[in-house]
Amino acid sequence: MFPSWILQAQSAHAASSRKPAQPKSVAKKHSRSTKKSSSTGVIAHVYLLGESKHSQLADLVEQWGSGWEKKAARDSDKEWMQLPGEAGPVWILRPRESRGLSHQGLLAESLYAKCRDLLGTVAASLKSLQAQEVHLHFEGTSEEMELGAFVGLEMATYSFKDQEKSFRLLANSKLIYHKEGDSLQDLIKRASHRAQAVNRARHLVNTPPNLKVPQMLAKTVKSMNWSKRTQIEVWNTERLKKEKCHLILAVGQGSPSSPCLVKISYRPIKKSTKPLVAFVGKGITFDTGGLDLKPSAAMRLMKKDMGGAASTLGLAYWVDQSQYDGPVDFYLAIAENAVDGNSMRPGDVFTSRAGFEVEIDNTDAEGRLVLADALDVAATSKAQPEVIVDMATLTGACRVALGVEMAGLFTNDDDLAEELALAGQRSGDLNWRLPLVDRYFSTYSSAFADFKNSGDSFGGAITAALFLQKFVRGKKWIHLDMYGWGGPVGPLHFAGGNGQSVQALIEWLESR
Ligand code: BES
Ligand code: MN
Ligand code: ZN
């Protein structure tokens, strides 16, 4: 799919078994006094030091530094340092576990997140240097750190433009890791699955909206290399009518590319005792706002309005690739919110699949409409999920409240709230619980239907969540109101889709 660097990574032991006469100490092998090898390519070294090995800095500086920088570097307490080295740059990374005690520690940056972001940043230089060999030295690192490091490297391989070229750059580089003891091949595979899930979500968000209209997006999903554990079903107009998904149909009726609901169903090969989880994603391939047209500045990034579906798909891909040991269903509610003579209008009334009559108050509150029907499909499915999780770029209000780095978390279950918050903290993919204030639902009261799809603008993220809650039939439910766009920072080398919530939900599924 996307270029993979780390899957070709080899351990120093494997690498050296093919090359005779290696000195015993890896560090010595590359010391400044050693004559350069005959090749002229850049040879970079990256040291990742666990906390017990932070004092190794002095030795490394002695070994790699020169002149004035030796003294400056030796006394530094920086977590990140770059020395010129002999045949290429040398990075010394010494992440410290941050001990944030406030907010129950939920804002503390995990070592996983730190290593991911540090290595992701280093990877930008490695790419532009076209390093011939990259030596990655792990000293006293934990599994969490190593996983983060490899995920960061792999996430950084993705670029939307010219993927062929970025692949060549990586293929030319040899990644050699040095770690005493066990091989890291299994961990590398885990990291690769994680990063590829994120990158897949990023890529779909970055894809131009004319190349991912609803029918194209559904086709893309179908054409992915799914294992036989995974089944794909697409509900098009006919089926949506039969299923009474009138809200999905209403949102999509202004677009020449008709809306659809994609169901991805994963069942592990070995019978599992884990209860079924269902994920639902908002997949508005472009949100003009509809007849309640967005002003141009607000429409700029609206190709990302399928970010929830993209992250859902990334997660489905991870579940399939990693052969997750529990059953999972995924639903992508896909439509384009377009302007047309046939677009839904303010004042229109539609009957949802669940039977509620909904008056369209604002055609720009379309996400909750497609999700309402999709949530009802999930909640009434024969295989009865124990938990339903939805992801959606649902409200501008959530971005205003929490900023772009945190998803708003809504749930009707306190245990789930804690699980999700912790998974977000560990995976450096944060979410923050916001309240479901029942009383606020009154803003939706309508004289012409059971309720409207928008009300006053106060507490917009909360009222949007309350709307969704009407459609989960009392089941355990999690709603993530996300932004889905970020960078350039850490492993995200350009501003674009960021696969928000994919890592948090992988972490959550792994911990269940
Ligand atoms: N897709 C937008 C929400 C959005 C906007 C997310 C900007 C991230 C960044 C959604 O469909 C929308 O337009 N919501 C409206 C709801 C309102 C009309 C009740 C909003 O947030 O303004
Ligand atoms: Mn909208
Ligand atoms: Zn939208």
Response to the item:
Output ordering of 114-124, 68-78 (per-residue mean of other Cβ within 10 Å, highest first) is 114-124, 68-78
Worksheet entry | Efficiency of FRET between residue 186 and residue 300 - r from beta-carbon atoms, R0 35 angstrom, step 0.05 | 0.25
Discussion item. Working only with C-alpha atoms, what are the Rg and Dmax values of segment 227-314, expressed in angstrom?
Written reply: 16.2, 52
Fill in: Overall form of segment 211-271 per C-alpha gyration tensor (a/c, 1.5; a/b vs b/c)
oblate
Worksheet item: Taking the Cα centre of segment 63-204 as origin and charging only Cβ (+1 Lys, Arg; -1 Asp, Glu), how large is the dipole, in debye to the nearest 20?
Response: 440
Fill in: Cα centroid separation - segment 302-375 against segment 225-247, whole Å
13
Practice prompt. Return 190, 202, 473 ranked ascending by Cβ neighbour count within 10 Å, so the fewest neighbours appear first.
Written response: 473, 190, 202
Worksheet item: With a 10 Å Cβ neighbour count serving as the proxy for reagent exposure, in which order, fewest first, do 299, 344 appear?
Response: 299, 344
Practice prompt. Label segment 365-512 by shape, choosing from rounded, prolate and oblate, from the square roots a ≥ b ≥ c of the eigenvalues of the Cα gyration tensor; if a/c is under 1.5 it is rounded, and otherwise prolate applies when a/b is larger than b/c, oblate when it is not.
Written response: oblate
Discussion item. Please list, ordered by chain and number, the residues whose modelled amide H lies under 5 Å from the amide H of residue 294; skip anything fewer than 5 residues away on the same chain.
Written reply: 289
Fill in: Spatial extent of segment 159-279: Rg and Dmax, with the Cα atoms as the point set, Å
19.7, 61
Worksheet entry | Dipole of the chain, positive end: most advanced residue of 235, 331, 159 [Cβ charges, Cα centre] | 159
Worksheet item: If one takes the longest principal axis of the Cα atoms in the chain, at what angle in degrees, from 0 to 90 and to the nearest 10, does the Cα axis of helix 414-426 lie?
Response: 30
Response to the item:
Given unit charges at Cβ for Lys, Arg (+) and Asp, Glu (-), the dipole magnitude of the chain about its Cα centre in debye, nearest 20, is 1840
Worksheet entry | Among 363-371, 479-487, the order from most to least packed when residues are scored by Cβ within 10 Å on average | 363-371, 479-487
Item to complete: Go ahead and run the numbers for FRET between residue 244 and residue 447, Cβ-Cβ distance against an R0 of 30 Å, rounding to 0.05.
Response: 0.80
Item to complete: Note down the nm distance, to one decimal, between modelled labels 7 Å out along Cα→Cβ at residue 70 and at residue 143.
Response: 4.1
Discussion item. Using Cβ counts within 10 Å as a stand-in for footprinting exposure, how do 302, 145 rank, fewest first?
Written reply: 302, 145
Worksheet item: Based on the alpha-carbon gyration tensor of the chain and its eigenvalue square roots a ≥ b ≥ c, which shape applies: rounded if a/c is under 1.5, prolate if not and a/b is larger than b/c, or oblate?
Response: prolate
Worksheet entry | Residues with amide H under 5 Å from that of residue 177, placed H, sequence gap 5 or more | 10, 11, 12, 136
Worksheet, complete the sentence: About its Cα centre, segment 320-461 carries a charge dipole, from +1 on Lys and Arg Cβ atoms and -1 on Asp and Glu Cβ atoms, whose size in debye to the nearest 20 is 280
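Read-outs: derived from the displayed coordinates by stated rules, not from any lab. Note that the coordinates shown come from a computational prediction; the quantities given were computed from them, not determined experimentally. Virtual Cβ from ideal backbone geometry, glycine too; neighbours counted across all protein chains shown.
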